[in-house]
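Reading through the structure tokens given below for one structure.
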Amino acid sequence: MKPLADLRIADFTVHAAGPFCTHMLSQMGAEVIKIETALRPDIFRKPHAVYGRHGPATFDQVSSNKLSVRLNLKHADGVVLAKKLVSIADVAAESFRAGVMSRLGLGYDVLRAVKRDIVMVSVSSSGQDGPESHFAGYAPLFGAWGGLGYLSGHADGPPVEMRHVMDHSVGMHAALATLAALNRRRRTGKGCHVDVAAREVASSLVGDFLTAASGGVAVGRMGNDDMARAPHGVFPTADEDRWLSVSVSSDAEWQRLAAIMEQPNLAEDPRFATQADRHANRRELDGPVSQWTAERNGEAAAETLQAAGIAAHISWAASDIVLDPHMRARGAILDVAETDGKRRAAVGRPARFAGDDSPGITRGTPALGGDEDYVYGELLGLGRARIDALVESGAIY
């Protein structure tokens, strides 16, 4: 049995951060019912030309495993049906702007009246209260607000705002908070409203820099540098756009690297004698290391360095990960069947549970409204005539 096999989630989330939260929980066994409408489909359900494919890659990633039902939340009967779904759920998750669920008649107080111990999870840019709670936002803005973007990039360039990684970080924090709320409910019998602010998640990722700033120490963009290590960075190889990540953490590793490079003069150079010396003169050190890597096949160079106990690996593209035998063997990358019968690679759950060797993803992206017979018929007990009437009235749309 998967760890969350007895958990059901009414999923009102849209875009990426909220859906990634429920997607993570679905991979651990939760039954997630995604509530959508053809009136205003999730923007990520639409094809994204930037990915060079006809299908909506972003939506596929966060919607595998989920069930889909259509529901018009601006229709009175649609709201009634939403409450029925919440009444049989453990969690209600949403990621609208603060206040939207209340305006729809589905705020926490209303849902708590429907199900006394419901756990409601709200994911938003700035939280459910505070002077800026009404602000809209998306991934690059989360990083900008939270200070993560300012620290990313090279010292002589602009900030690099985080995109997907920010949405996923928010989703993982929301999933953790959801499980914490469910554990408290198990102990006390009480549900609660979980409020996750994306900008606060971003700030939590740079806590050490915030601590430094509070002590008057200014920290700026470091590019691929490390605060202490050198050589440390991403270096070119003989293969086009194939980069080698290298990190030397000790004097002994540096001596081994210099020997591998067949440059004893570097090992004896007083500018590079200690870790502190190498860090202070890292720009002078980057040149010969780059020259050495640029003359070699990246995979071969990485293997040589790893054999010598030096942390090194190719900076992998997505195609490398999809084909990686190790990731395949662990089920971290697996193939799932879509509704059209085609199979595609998907990212499995990044955790293993003893005694559970089942895949994290067991079905592909749901078709819009593709699970209504099961959800409305079997779970809610609505007859065919009633379902047809709700479709005719526009409540199910």
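The values are calculated or read from the model by the stated rules, or taken from the named source; none is laboratory data. Computed from a predicted structure; not experimentally measured. Don't worry about glycine lacking a Cβ; one is built from the backbone with ideal geometry, like all the others, and counts go over all protein chains shown. Areas reflect the complete protein model, heavy atoms only, side chains present, ligands, DNA and RNA absent. Shrake-Rupley method; radii C 1.70, N 1.55, O 1.52, S 1.80 Å.
Summary of values
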| read-out | value |
| --- | --- |
| Rounded to whole Hz, the Karplus (6.51, -1.76, 1.60) HN-Hα couplings of the range 365-370, x for glycine and proline | 5, x, 5, 4, x, x |
| Heavy-atom accessible area per residue - the range 342-397, 1.4 Å, Å² | 55 Å² |
| Calculated [θ] (222 nm, deg cm²/dmol) that DSSP helices of n ≥ 4 give over the chain, each run adding -39,500 (n - 2.57) | -11000 deg cm²/dmol |
| Percent of beta bridges antiparallel (DSSP, the chain, rounded to nearest 5) | 40 percent |
| Backbone HN-Hα couplings from phi across the range 89-105 [Karplus 6.51/-1.76/1.60, Hz, Gly and Pro as x] | 9, 9, 9, 10, 10, 8, 9, 7, 4, 4, x, 5, 4, 5, 5, 7, x |
| Extension gain from residue 386 to residue 295, taking 0.36 nm per residue of separation minus the Cα-Cα distance | 25.7 nm |
| Average Cα contact separation per residue, the range 232-315, under 8 Å, 6 or more apart, as relative contact order % | 43 percent |
| Rounded to whole Hz, the Karplus (6.51, -1.76, 1.60) HN-Hα couplings of the range 59-70, x for glycine and proline | 5, 3, 4, 9, 10, 4, 5, 7, 9, 10, 10, 8 |
| Percent accessible area from carbon and sulfur atoms, the chain, protein chains only, probe 1.4 Å | 55 percent |
| In the range 214-270, the GluC sites (Glu not before Pro) that fall in loop regions by DSSP, at most 13 other Cβ within 10 Å | 240, 262 |
| Where Cα atoms sit under 12 Å apart: lysine pairs in the chain separated by 8 or more or lying on different chains | 4 |
| Span from the the range 326-397 Cα centroid across to the the range 1-31 one, whole angstrom | 11 Å |
| Inter-label distance, nm, simple model (7 Å from Cα along the C-beta direction), residue 316/residue 39 | 4.4 nm |
| For residue 121, residues with placed amide H under 5 Å, excluding near neighbours | 92, 93, 94, 194 |
| Euclidean distance of C-alpha centroids, the range 181-225 and the range 134-164, integer Å | 15 Å |
